[in-house]
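K.L.:
Submitted below is the structure of interest, expressed as structure tokens.
Bear in mind these aren't lab numbers, they're just calculated from the coordinates by the rules spelled out. Fair warning: this is a prediction, and the values are worked out from it, not measured in the lab. Backbone-built Cβ (ideal geometry, glycine too); neighbour counts: all protein chains shown.
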Amino acid sequence: MARLCGWWLLVTISVSMPYAQEAPARRPLSSADINDIAVLLKLEDTRQFDEAALTRLLASPRPEVRRRAVMSVGRIASDRGRELLAGLRGEKDPEMLATVAFATGQVKDPDAVAWLGGLLNNSASPAAVAREAAQALGKIRTPDARTSLARYLNGASTVTAPPQVAGEALLSIGRFTTREDLAPILRWTSSPNVGVRWRAAWALFRPRDPAAVPHLLKMSTDPSPDVRFWAVRGLAPDVVDASGVSRTDTSARLRQAVHDPDRRVRTEAVRALVQYDDDASFGVVMDELNSRDTWLSVSVAEALGRFRNRAAVVVPALVAASAAGNPTSVRISALAPLAVLAPDAARTLAEALAKDSSVVAQTSAAQVLRRLDTAASRPAQGQPAAPTGRGNARPPVIARSDAEYRALVERWIVPDYDGAPKPHVVIDTTRGQIEIELYPGDAPLGVDYLMKVVESGAIANTEFGRVVPNFVAQQRAIRNDMTLRDEVNRHGLVRGNLSWASAGLDTGRPGYTLGSTPQPHNEGDFTALGRVVRGLNVVDRLELGDRIIKARWK
């Protein structure tokens with residue numbers, strides 16, 4: 001019995017030791033480490049490429065300081081950082097090497113493509129390293145970067161390849177919107193892994209290549225709705241016509257998809273179908289204008305302005321759909337097409353919405369009324385377009401002291417490093433409650449600003465001013481808000497991601513945005529601030545004009 005017990009103890013130790021080796025206890029950060037990380041945070045915040053400081057911290061004996069120094073080089077995104085990162089390509093620690101690959105993608109170093117391709121195509125590379133190499137190639141987007149991705153996708157086993165690596169390679173090759181050989185993508189359309197298959201569908205629809213249409217049509221009947229909704233999105237009529245596939249057959253498939261059990265598939269089918277002009281498709285579209293699901297009715301309302309030749313049918317339907325008592329989101333969405341097809345009806349609707357309690361409704365009405373008044377008072381041609389965004393303006397540098405940067409590190413980064421539970425923010429909306437887990441170690445500046453917005457109460461009573469069905473719900477700008485520094489990190493823009501409105505790196509400010517779908521095309525340009533852990537169904541139900549009632553920390 002003693003011999004048996006000894007054998008069992010030996011087996012137990014042998015099995016458990018790898019796990020202990022994989023997650024060694026972290027040494028607490030010293031005061032000097034905290035000062036070093038505060039220096040890095042300051043460099044990131046001010047976008048200052050201080051080569052001497054970065055070189056010193058990249059050589060730190062503390063792994064966490066070194067890792068964060070690599071991230072800082074990527075976030076500062078100066079071409080001068082490429083040489084520093086090139087010197088770190090021999091890193092042996094997988095986490096460090098993955099971070100070097102990530103940062104290399106952020107600085108978009110074309111000279112790193114061969115190295116990144118080597119990491120991706122080396123079967124001995126840890127999965128985390130290969131995944132970051134694949135994503136970096138998709139950010140650099142040179143022809144040889146695509147060649148490296150294609151080489152991996154053509155050569156890797158569709159059965160044994162790590163799904164996270166194959167999936168990321170598919171997303172990255174899908175970021176190339178030029179029409180290239182589809183063979184590297186097509187191998188993965190029948191993968192047994194659903195996550196890989198939907199990424200293959202995404203990569204196929206992105207370049208609007210007619211050669212992809214037969215495959216997308218087949219994938220539109222995939223068992224997984226995650227695959228079907230991306231496939232359906234790629235069946236636009238102009239691409240279908242160029243493919244040689246029957247437009248009649250494709251529109252018939254889309255009409256079937258409007259009745260799919262999955263809401264996302266139905267939404268994408270309607271969005272594709274509004275681009276067809278046959279009577280059967282038009283009839284289905286008009287039926288969905290009255291859908292109780294606003295993802296469908298809003299998608300239809302927004303698109304009806306294109307049916308000028310059917311105005312006699314469209315205008316009365318829009319007027320009916322925008323009557324008082326109907327969803328505010330549908331009424332707002334009807335404004336633009338009515339302004340095109342029936343200006344008098346648009347004016348009547350706008351005057352009614354101007355008296356609505358919703359700020360979004362009032363603002364939309366005022367914009368339409370201004371356009372109608374302008375069109376009535378001067379010729380439509382030759383008028384300059386109004387500015388629509390903040391462009392690429394950089395935010396002003398916030399004057400923070402060294403002590404304030406250290407305080408930020410101590411408040412957010414140190415507890416996260418030590419393994420403390422991540423902070424949560426709970427948001428009560430008119431549709432229900434949403435709970436979000438935040439990333440304080442990876443986005444301390446953004447988390448700190450959100451904390452202040454929540455604690456001050458400034459976020460309360462703000463409305464959702466942009467809701468794109470099956471994509472994103474975006475809160476209106478908070479009064480007196482500021483432009484924020486992006487802290488791009490490795491969490492990725494997944495479904496349920498919390499970020500903020502932006503026109504590119506360092507141009508964004510709250511309102512905050514919640515993603516209903518993954519957003520692979522935006523990787524590298526937006527901050528992942530946190531993710532929804534409860535209430536994702538509430539996110540999907542949000543409509544234009546819905547309100548944040550209150551928010552609190554948890």
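K.L.:
For the pair residue 537 and residue 311, how long in nm is the line joining their label points, each one 7 Å along Cα→Cβ?
P.N.:
Reported label-point gap for residue 537 and residue 311 is 4.4 nm.
K.L.:
Let me ask something else about it. Taking K and R as +1 and D and E as -1, what net charge do the other residues with C-beta under 9 Å from the C-beta of residue 464 add up to? It would help to have the intermediate numbers written out before the result.
P.N.:
Details: positive: 466, 476, 547; negative: 463, 543, 546.
With Lys, Arg at +1 and Asp, Glu at -1, the neighbours total 0.
K.L.:
What ranking do 74-83, 166-175, 434-443 get when scored by the average of other Cβ atoms within 10 Å per residue, highest first?
P.N.:
Numbers: 74-83: 18.1, 166-175: 27.1, 434-443: 22.1.
Going by the mean number of other Cβ atoms within 10 Å, highest first, we get 166-175, 434-443, 74-83.
K.L.:
May I ask you to sort 516, 401 by Cβ crowding, counting other Cβ atoms within 10 Å and putting the fewest first?
P.N.:
Going from least to most buried by this count: 401, 516.
K.L.:
Among 465, 450, 526, flag the residue with its Cα farthest along the positive direction of the charge dipole of segment 413-553, charges on Cβ as +1 for Lys/Arg and -1 for Asp/Glu.
P.N.:
With unit charges placed on the Cβ atoms, the residue in question is 465.
K.L.:
Can you list the HN-Hα couplings for segment 457-467, worked out from phi with the Karplus curve (6.51, -1.76, 1.60; θ = phi - 60°), rounded to whole Hz and with x for Gly and Pro?
P.N.:
Calculated HN-Hα couplings, in order: x, 5, 7, 5, 6, 7, 9, 8, x, 9, 10 Hz.
K.L.:
OK, next. Any idea what angle helix 127-140 forms with the longest principal axis of the chain, computed on alpha-carbon atoms, 0 to 90 degrees, nearest 10?
P.N.:
Helix 127-140 sits roughly 50 degrees off the main axis of the chain.
K.L.:
Same structure again: Segment 413-553: percent of C-alpha pairs farther apart than 26 Å? Intermediate values should be presented prior to the final figure.
P.N.:
Values: 1368 of 9870 pairs.
For segment 413-553, the fraction of Cα-Cα distances above 26 Å is 14 percent.
K.L.:
Roughly speaking, what is the centre-to-centre gap between segment 473-489 and segment 228-266 when only Cα atoms are used, to the nearest Å?
P.N.:
Each part's Cα centre sits 36 Å from the other's.
K.L.:
Treat every Asp and Glu Cβ in segment 200-274 as -1 and every Lys and Arg Cβ as +1, leave all other atoms uncharged, and give the resulting dipole magnitude about the Cα centre to the nearest 20 debye.
P.N.:
On the way: 12 positive and 9 negative charges, 35 e Å.
It comes to approximately 160 debye.
K.L.:
Sticking with this one: So if I restrict to the alpha-carbon atoms in the chain, what is the Rg, and what is Dmax, the biggest pairwise distance, in Å?
P.N.:
When restricted to Cα atoms, the chain yields Rg and Dmax of 26.0, 99 Å.
K.L.:
Ranked highest first by average number of other Cβ atoms within 10 Å, how do 188-196, 330-338 line up? Display every interim value, and only then the final one.
P.N.:
Numbers: 188-196: 17.9, 330-338: 25.3.
Highest to lowest by the protection proxy: 330-338, 188-196.
K.L.:
Nearest 10 degrees, 0 to 90: what angle lies between the long axis of helix 163-174 and the longest principal axis of the chain (Cα atoms)?
P.N.:
Compared with the principal axis, the helix lies near 50 degrees.
K.L.:
Moving on. Which value at 222 nm does the chain reach when only helices count, each DSSP H run of 4 or more adding -39,500 (n - 2.57), with the total divided by all residues and rounded to the nearest 500 deg cm²/dmol? Walk me through the numbers on the way to the answer.
P.N.:
Values: 27 runs with 293 residues, N = 554.
Rounded to the nearest 500, it is -16000 deg cm²/dmol.
K.L.:
Using amide H atoms built 1.01 Å from N in the peptide plane, name the residues 5+ places from residue 549, or on other chains, whose amide H lies under 5 Å from its own.
P.N.:
Under 5 Å from the amide H of residue 549: 428, 429, 430, 461.
K.L.:
Please list, in order along segment 340-353, the HN-Hα scalar couplings obtained from phi with the Karplus expression 6.51 cos²θ - 1.76 cosθ + 1.60 (θ = phi - 60°), rounded to whole Hz, x for Gly and Pro.
P.N.:
Coupling constants for segment 340-353: 7, 8, 8, x, 5, 5, 5, 5, 4, 5, 4, 5, 6, 5 Hz.
K.L.:
Whole angstrom only: what separates the Cα centroid of segment 453-471 from the Cα centroid of segment 176-226?
P.N.:
With segment 453-471 and segment 176-226 each reduced to a Cα centre, they are spaced 34 Å.
K.L.:
Among 551, 414, 489, which residue has its Cα positioned farthest towards the positive end of the charge dipole of segment 401-554, with +1 placed on the Cβ of Lys and Arg, -1 on the Cβ of Asp and Glu, and the dipole taken about the Cα centre?
P.N.:
Most positive-ward Cα: 551.
K.L.:
Now a separate question. Tell me, what HN-Hα J-couplings in whole Hz come from the Karplus equation 6.51 cos²θ - 1.76 cosθ + 1.60 at θ = phi - 60° for each residue of segment 245-262, using x for Gly and Pro?
P.N.:
6, 4, 4, 4, 5, 5, 5, 5, 5, 5, 5, 5, 5, 4, 9, 4, x, 9
K.L.:
Around residue 508, which amide H atoms from residues at least 5 apart in sequence, or from another chain, sit under 5 Å from its own amide H, with H modelled in the peptide plane?
P.N.:
Answer set, sorted by chain and number: 484, 503.
K.L.:
So how tilted is helix 63-76 from the main axis of the chain? Cα-based, degrees 0 to 90, rounded to 10.
P.N.:
The answer is roughly 40 degrees.
K.L.:
I would also like to ask the following. Under a Cβ-only charge scheme (Lys and Arg +1, Asp and Glu -1), can you give me the dipole magnitude of segment 124-278 about the Cα centre, in debye to the nearest 20? Each step should come with its number before you reach the end.
P.N.:
Numbers: 22 positive and 16 negative charges, 58 e Å.
Magnitude of the dipole: close to 280 debye.
K.L.:
Residue farthest toward the positive end of the dipole of the chain, with Cβ of Lys/Arg at +1 and Asp/Glu at -1: which of 182, 290, 192?
P.N.:
Sorting the options by dipole projection puts first 290.
K.L.:
Quick one: net charge around residue 548, please, counting Lys, Arg +1 and Asp, Glu -1 for every other residue with C-beta under 15 Å from its C-beta.
P.N.:
Values: positive: 431, 466, 476, 479, 541, 547, 550, 552; negative: 428, 435, 455, 463, 481, 543, 546.
That works out to +1.
K.L.:
If you look for lysine pairs in the chain that are eight or more places apart or on different chains, how many of them have Cα atoms under 28 Å apart?
P.N.:
Step by step, the pairs that qualify in the chain add up to 14.
K.L.:
What net charge is computed for the residues neighbouring residue 66, neighbours being all others with C-beta under 13 Å from the C-beta of residue 66, Lys and Arg scored +1, Asp and Glu -1? Spell out each step's value before the answer.
P.N.:
Numbers: positive: 56, 62, 67, 68, 92; negative: 33, 36, 64, 91, 93, 95.
Local net charge: -1.
K.L.:
If you don't mind, another one. For the ranges 105-114, 504-513, 352-361, 48-57, what's the packing order if you count other beta-carbon atoms within 10 Å of each residue, average per peptide, and put the highest first?
P.N.:
Working: 105-114: 18.8, 504-513: 20.7, 352-361: 17.3, 48-57: 15.5.
For the peptides 105-114, 504-513, 352-361, 48-57, the packing ranking is 504-513, 105-114, 352-361, 48-57.
K.L.:
Here's another thing I want to ask about it. State, as an integer percentage, the relative contact order of segment 413-553 based on alpha-carbon contacts under 8 Å between residues 6 or more apart. Before the final figure, lay out the partial values.
P.N.:
Numbers: 332 pairs, mean separation 49.2, N = 141.
The value is 35 percent.
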